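> The structure follows.
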Amino acid sequence: MKFLASSFLLILSLSGSCWAQVSTADQLYQQSLAATCANCHGTNGKGLPNQSIPLISQISSEELLAQLLAYKSGTRPGTLMPQLAKGYTDAQLESIANQLGKKP
């Protein structure tokens, strides 16, 4: 009986470890999506000095997502952003907006 209880605890602890790895992998994926914006918008969307590119870290996640979806659908004009936004799924754009948008 003691062996059975020990085995159960071992399995339970390993399953928690697996969930942590999945969570970490998901977080890394989301961060890597957001990192694709850094070339123009700077690290974490904080902008680059003396540039005319928007500081997306100052826009709420909801507003940033709305703008990204508008670029993707073509309802918002732009030079590069409409082309770039079309390369992402709506879920990926939501992830980017959540990573880079202004935090409350």
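The values are calculated or read from the model by the stated rules, or taken from the named source; none is laboratory data. Model, not experiment: these values are computed from the prediction. Cβ placement follows ideal geometry from the backbone for every residue including glycine, while neighbour counts extend to all protein chains displayed.
> Cβ-Cβ distance below 7 Å, separation of 6 or more or different chains: which pairs start in the stretch 62-81 with a residue that is free of Cβ contacts under 8 Å to residues at least 24 places away in the same chain and end on one that is in a helix (DSSP H, G or I) and hydroxyl-bearing (Ser, Thr, Tyr)?
Listed by first residue and then by second, the contacts come to Gly78/Tyr71; Met81/Tyr71.
> Out of (1) farther than 21 Å from Tyr29 by Cβ; (2) modelled with pLDDT under 95, what's the single condition that is false for Ile56?
Here Ile56 clears every test but (1).
> While we're on this one: Being outside any loop (DSSP other than H, G, I, E, B), modelled with pLDDT under 90 and surrounded by 14 or more Cβ atoms within 10 Å (Cβ to Cβ): is that true of Asn98 here?
It is false that Asn98 is outside any loop (DSSP other than H, G, I, E, B), modelled with pLDDT under 90 and surrounded by 14 or more Cβ atoms within 10 Å (Cβ to Cβ).
> Looking only at the stretch 48-85, count how many residues are closer than 16 Å to Lys103 by Cα and either of a type in the set (Ser, Thr, Tyr) or in a loop (DSSP other than H, G, I, E, B) (or both).
Qualifying residue count, the stretch 48-85: 5.
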